[in-house]
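Presented below is the structure to which this report refers.
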Amino acid sequence: MSKRRSGPNPFAPTTPKHLRFKRESDTPLTLTSHQTEILRRCVSEQELTELMDIAETASRAECRNEILPPLLKAGLLEMTIPQKSRSSKQQFRLTAKGMDYLKRLRIDS
């Protein structure tokens with residue numbers, strides 16, 4: 001069994017400090033390039049399979065458990081059917097906070 005390294009991933013993309021959103025615990029939220037692209041595409045409602053294509057993953061579980069939760073918890077993205085998170089008709093859309101994030105990102109670019 002191989003040992004996993006602890007600590008930050010040196011290859012993970014970083015977000016400039018002024019573009020980071022804080023979670024409720026005051027820990028800065030840093031988005032990956034895939035998460036940022038998901039936000040850009042969710043201006044209109046998107047299904048999970050479309051988000052999986054953006055994130056370049058074939059695993060629904062990975063997308064649902066690793067990629068989307070930081071966006072949902074930060075309030076940048078929301079579910080169209082929040083009471084049924086695993087519904088086949090579930091879609092995701094950008095929130096006002098997510099729009100604000102994208103506007104600040106465009107100003108910086």
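Since every read-out is calculated from the coordinates, none of them should be taken as a lab result. Because the structure is predicted, anything quoted here is derived from the model rather than measured. Using ideal geometry, Cβ is built from the backbone for each residue, glycine included, and neighbour counts are taken over all protein chains shown.
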Open item on the list: For a bin width of 10 Å, list the pair-distance distribution of the range 29-108 built from all Cα-Cα distances, rounded to whole %.
Closed with: 19, 59, 21, 2
TODO: Report the charge-dipole magnitude of the range 29-108 in Debye, nearest 20, computed about the Cα centre from +1 at each Lys and Arg Cβ and -1 at each Asp and Glu Cβ.
DONE: 300 debye
